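S.K.: Got a structure for you, written out below as structure tokens; questions coming shortly.
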Amino acid sequence: KDANAALLSNFEVYQLLTDLKQQRKESGKTKQSSGQQNLNTIMYETLKYISKTPCRFQSPEIVREFLVAMKDHKLTK
């Protein structure tokens, strides 16, 4: 599959952002460029919004089960 055309679920985005946030805490870098500050703001706002959705309580198994259950319906994008 084309990696540039893939869709991400809210769960995948939430997991990615929480992992990135944890990595940044562990690295402890304090000096940041303005571009990095803008990226941090975008990450913060996205994580803040997406944390209020049900994806916060999902797991990879739940997403996989859903995809298997929907496969028979042959849905498209």
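The values are calculated or read from the model by the stated rules, or taken from the named source; none is laboratory data. Fair warning: this is a prediction, and the values are worked out from it, not measured in the lab. Counting neighbours? That spans all protein chains shown, and the Cβs are built from the backbone with ideal geometry, glycine included. All accessible areas refer to the heavy atoms of the entire protein, side chains included, with ligands and DNA or RNA removed. Shrake-Rupley method; radii C 1.70, N 1.55, O 1.52, S 1.80 Å.
S.K.: Got a number for carbon plus sulfur as a percent of the chain's accessible area, 1.4 Å probe?
M.R.: 56
S.K.: Moving on to the next point. Which is farthest toward the positive dipole end of the stretch 10-70 among Ala69, Phe57, Leu20, measuring Cα position about the Cα centre, with Cβ charges +1 (Lys, Arg) and -1 (Asp, Glu)?
M.R.: Sorting the options by dipole projection puts first Leu20.
S.K.: Same structure, new question: Short version: ³J(HN,Hα) in whole Hz for each residue of the stretch 39-49, in order, from phi by Karplus 6.51 cos²θ - 1.76 cosθ + 1.60 (θ = phi - 60°), x for Gly and Pro, what are they?
M.R.: So the J values, rounded to whole Hz, are 4, 4, 5, 4, 4, 4, 5, 5, 5, 4, 5.
S.K.: For the chain, how big is Rg over Rh, using alpha carbon atoms and the Kirkwood form of Rh?
M.R.: Taking Rh as the inverse mean 1/r over Cα pairs, Rg/Rh reads 1.07.
S.K.: Can you tally the net charge around Asn10? Count Lys and Arg as +1, Asp and Glu as -1, for every other residue whose Cβ sits under 12 Å from the Cβ of Asn10.
M.R.: The answer is +1.
S.K.: For Met43, Met70, what's the largest-to-smallest order of accessible area, 1.4 Å probe?
M.R.: Solvent-accessible surface, decreasing: Met70, Met43.
S.K.: Rounded to the nearest 0.05, what FRET efficiency do Glu65 and Leu8 have when you use their Cβ-Cβ distance and R0 = 22 Å?
M.R.: Efficiency at R0 = 22 Å is approximately 0.75.
S.K.: From the phi of every residue in the stretch 15-24, what ³J(HN,Hα) in whole Hz does the Karplus formula 6.51 cos²θ - 1.76 cosθ + 1.60 yield, where θ is phi - 60° and glycine or proline is x?
M.R.: 5, 4, 5, 5, 5, 5, 4, 5, 4, 5
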